[in-house]
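First up is the structure itself, then whatever we jot down about it.
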Amino acid sequence: MKFKVLYYVNQFFGQVGGEDKAGMAPEYKKEKIGPALGFNGLLGDEGEVVGTLICGDNYFNENNEEALEYIKNVIKEENPDVVVAGPAFNAGRYGMACAGVVNAAAEMGKKVVTGMYIENPAVDHAKGNAIIVETKDSAADMRNALPKMAAIVKKLMSGEEVGTPAEEGYIAQGKRLTVFAKDRGSKRAVDMLLARFNNEEFETELPMPVFDKVDIAPAIKDLSKATIALVTSGGIVPEGNPDRIQSASAQKWGKYDVSGVDSLQEGGYETIHGGYDPVYANELPDRVAPLDFMKQAEKEGKIGKVFKYFYTTTGTGTAVGKSIEFGTEIGKELKEAGVDGVILTST
Amino acid sequence: MENTFDYDIVTNNPSVKDKYENIIFVDGGFKDVLFKVRDLVHNGAELINHPLGASIRMFFSPYRSIIIREKSEGNSEINKEYYINTIENSIENYNKQMENRNPDVVNSEDYSLIDENLLESAIGEFKRMQN
Amino acid sequence: MVKEIERYGIPIVHMSTITTISESVGANRIVPTIAIPYPVGNPNLDKQEEEDLRKDMVNRALDCLATEITETTQF
Amino acid sequence: MRLEQRRIHIKDIQLGNETSVKSGVLTVNKEELISKLKEDKKIKDVKLDVARPGEKTRIIPVKDVIEPRVKIEGDGNGFPGVSTKMAQLGDGKVNILYGAAIVTVGDIVGFQEGVVDMWGEGAKWTPFSSTYNLVVDIIPVEGLKPHDHEAAVRLAGLRAAEYVGEAGRDVEPDEVKVYEMGSHVEEAKKYPNLPKVAYVEMLISQGLLHDGYIYGVNSQLILPTLLHPNEELDGAVISGNCVAACDKITTYQHQNNSSILDLYEQHGKTINFLGVILTPELTTLEGKFRTCDYTTKLCMNLGADGVIVSEEGYGNPDSDLLMICKKLEDNGIKTVLITDECSGRDGMSQPLADTTKEAVAVVSTGNVSHVVKLPPADKVIGNDKAIATLAGGWEGALEEDGSLQCELNAVIGATSEIGYHNLTVKLY
């Protein structure tokens, strides 16, 4: 029996129309449309595309929940073995839609494959669940991308082992898998050392984590006119923790109006951080987030003003998960409010 | 009882508690011991032995004893930073390893015994370094 | 968090006790602080001394926001 | 030094009434070996059994593996400083019952794992599924302190290896390997243009079930020390029954240290092999600093251009490994590390407990948290209660058909950090 594939495309590849149709709500057709047709041909006798889901890119991103609800219902009804989306190439909104679809399908226990250009921002959203075939940045690469996607789908369905990212042409998911090597470890070590002596190329089997750097923001030209915001990951919150921010590895952040107070102590703040002895911070919360002397700098005219809101969360300040999300959200607000500089204190 | 040397043992191991005088007892798990050590190190204590064990098995131990020394003089900034990094890193590693695991409480007694013995070795090593 | 805020082009100073962690999370402007439970204070000092200390650290942090740098720098 | 390893290929082991090797079949006098081991008053009973490659047999909990040998020329039969009188090792002729192994089992503590499956899926993951194993199960007298219990098990394994090894004394070998290397001055004269390479072998040195021994000296007590490679190949280094099943270095693996052998293989061809630096993995931070400095200094004094460093264990030893790497690289010595990793069951976590950017050349010998499925065995040698420990700690490990999901960390020698086995990790 052939395995069943459900295919997702946007309005353009679904042959509905261009940007003017980007607002279309999802539709399902029991036909093979656009790339789904070519993809179906590549499956041969093994599988078949049973239908094509089409949704406008704008609609998907602006009405995420409604779009996904419709799509999930179709998946439930058709009960395919595999959900394939895209390829989205370098299209950001289309990429996000593909990521949304494959993540939802993966949650429903479906095998999922998509395709994207490596710099498509949606890659990070999809790679945890989906195999993403690496494509070039334009649709001209469709004829290369589809065969790779089809080959992977066939392997997933037949139970054949999917090779390494380099072998199969997909973007590494970041999973480190234990496999058998041709030579024992000590032989590989000697070979690696010899390669280093001979200035030949070698590949380390365990790359050290690299820390992503961000461009240094230019300095503030005139501090005396600048608005400076205070942010802390030290878990300083108003007494009683009204927003119930978690005491370790917080799942959210809070912001509090401090325009009317001269210090956090005056504002009645305390710490909820679970990672350190709270006595000193509760005695004087400005020891963790120094609003007092920022306000003084404002009075002395050293800075223009202290930003109206103070931002807070808890966490050890590591480069993972939530802290990235929080930074992105807080940064966006600060940017929009025209803040010129930020002091972030960590415990 | 052993004579008090210039160190303290942060432990949640009851059999260690009964054996030494200079105990900072933690009523909790391995992780709570790490947290207590973190507090102490951030307040200037020196970390004498490494907070983690030497094999993945020892991560599953319900008990852990860690030797620290309260604010010793001549603790350079570099060392202080090293201690802080070491304990912070250890906590992160512990969390990573124990994410899908529970401490191996079935073998509590054996872990308690091994912890006690490893502590004894660590104290021995520390003393050999002191004289 | 540091990196993500700086990505918007806003200069940010990380005041942190563990400066190596600070560097590893990608902070470019770093002011080392006193201790985890009281990064910008010191309960062992008397009130005036502690206030002087905090004022000095805050000013240092503000000044570094107004200082052009080309690589990760501790102030 | 010149060491002649004379391999007698063993094709089977039988228990019987004499101890001999005839046409590749090793027969062991069961009663005699048992009574010999029971001369140690700490041992109450001994059980012997044989596990052959391909048999549906599981051995658990394995403490150590030792290769049976007899020195027929030169000093130091057995394990000098441990089971026999002190002697200088590294010179002479040794007859090896190649393909046979003494495997000790025994519950020193309840949580010790260490499985060897002789067949099927499990066999792939351990190098000791391909040896003919004489399994020595040691039951101590009651009330023995854990230190004494560990020592009794350790010594019994070594004595059993010596006793069995004697059977090969007058047997003609099938194969002879010669390991010969002169002083540093002589070798440098012979190979003036070859890069000089030292091997740093790190040993867990932290106390009960975390120890190793060099000529009987507990490695906790040493500064890093230099050995001629022949000394280790001749039995100078002994395992202390470490709890780390997958990445402890068993005595067998010291006797046949693959890093030493693979460096020896290149000696005089592409490199000038300088020798082995045994480096303790201590528990105190000060101790780690000292070890790091001292190891680097030895490498520099030897004029090493390159160094291979192998780890034992995971966790705090990662600090030593990376600290040593950084210091060697800072001093211009090209360094390759061999380590296993703990990247979590899904392989998504950071692999080591520590990092340093100087570690640019690292061999990974596998993820200790990689999950493997072991089918039920027909026969279990040792203590089948220990299987519960294997499966313990997480739900769903024991399946209905009796097969068992366990992490590689339970399998003896699976992720050997001296590079003895052929696992690696690839990014998917």
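Here are some notes:
- Highest to lowest packing among A:65-71, B:51-57, scored as the average C-beta count within 10 Å: B:51-57, A:65-71
- Partner shielding of D:212-224 amounts to 1, given as the average count of beta-carbon atoms from other chains within 10 Å of each residue beta-carbon.
- Protection proxy ranking for A:148-161, D:306-319, using the average of other Cβ atoms within 10 Å per residue and placing the highest first: D:306-319, A:148-161.
- Here the label points at D:Lys38 and A:Glu27, each 7 Å from Cα along the C-beta direction, are separated by 8.8 nm in the simple model.
- Taking the inverse of the mean 1/r over every pair of distinct Cα atoms in segment D:298-428 gives a Kirkwood hydrodynamic radius of 16.6 Å.
- Neighbour counts of other Cβ atoms within 10 Å put D:Trp119, A:Trp253 in the fewest-to-most order D:Trp119, A:Trp253.
- Cα-based Rg / Dmax (Å) for chain B: 14.2, 43
- R0 of 41 Å, Cβ-Cβ distance B:Tyr82-A:Met1: FRET efficiency to nearest 0.05: 0.10
- Inter-label distance for A:Lys182 and A:Thr164, nm, one decimal - labels placed 7 Å from Cα along Cα-to-Cβ: 1.2 nm
- Anchor A:Lys295: aspartates and glutamates whose Cα lies under 14 Å away (excluding residues fewer than 8 positions away in-chain): A:Asp257, A:Asp262, A:Glu266, A:Asp286, C:Glu51, C:Asp56
- Burial ranking of peptide ranges D:100-111, D:125-136, A:14-25 (average Cβ count within 10 Å, highest at the top): D:100-111, D:125-136, A:14-25
- Summarising the amide proton neighbourhood of D:Ile72: residues at separation of 5 or more, or on other chains, whose placed amide H is nearer than 5 Å comprise D:Lys93, D:Val94, D:Asn95.
- If you model segment D:326-394 as an ellipsoid using its alpha carbon gyration tensor, with each semi-axis the square root of five times an eigenvalue, the axes come out at 36, 14, 10 Å, biggest first.
- Estimated dipole of the protein assembly as shown in Debye, rounded to 20 [Cβ of Lys and Arg +1, of Asp and Glu -1, Cα centre]: 1500 debye
- Averaged over A:194-201, number of beta-carbon atoms from partner chains that fall within 10 Å: 4
- Of D:Glu55, A:Glu107, the sequence from fewest to most neighbouring Cβ atoms within 10 angstrom is A:Glu107, D:Glu55.
- Set A:Lys187/D:Lys269; A:Lys213/D:Lys327; B:Lys96/D:Lys124; D:Lys63/D:Lys248; A:Lys111/A:Lys175; D:Lys177/D:Lys297 screened for pairs whose C-alpha atoms are more than 21 Å apart: A:Lys213/D:Lys327; B:Lys96/D:Lys124; D:Lys177/D:Lys297
- Cα gyration tensor shape for segment A:223-345, rounded if a/c is under 1.5, else prolate or oblate: oblate
- Shape summary: chain C maps onto an equivalent ellipsoid whose semi-axes, from the alpha-carbon gyration tensor, are 24, 14, 9 Å in decreasing order.
- Chain A: C-alpha gyration tensor shape, a/c 1.5 cut-off, then a/b vs b/c: prolate
- Label point of B:Lys96 set 7 angstrom out along Cα-Cβ; within segment A:180-208, amide nitrogens under 14 Å from it belong to A:206-208.
- Spacing of the two label points (7 Å from each Cα toward its C-beta) at D:Val176 and A:Ser259, in nm: 9.5 nm
- Oblate is the label for the protein assembly as shown. Its Cα gyration tensor axes, ordered a ≥ b ≥ c, give a/c of at least 1.5 and b/c at or above a/b.
- Gyration tensor (Cα) of segment D:170-230, equivalent ellipsoid semi-axes in angstrom: 29, 22, 10
- Stretchable slack from D:Asp401 to D:His9, in nm (0.36 nm times residue separation minus alpha-carbon distance): 137.3 nm
- Cβ-based exposure ranking for B:Met98, B:Met58, in which fewest neighbours within 10 Å come first: B:Met98, B:Met58
- Shielding score for D:350-362, defined as the mean number of other chain Cβ atoms within 10 Å: 6
- On the basis of the beta-carbon distance and an R0 of 22 Å, B:Gln130 and B:Ile23 show a calculated FRET efficiency of 0.70.
Every number in this text was worked out from the coordinates using simple rules, so none of it is lab data. For clarity, every value in this text was computed on a predicted model and none was experimentally measured. Quick reminder, even Gly has a Cβ in these numbers, built from the backbone with ideal geometry, and neighbours come from all protein chains shown.
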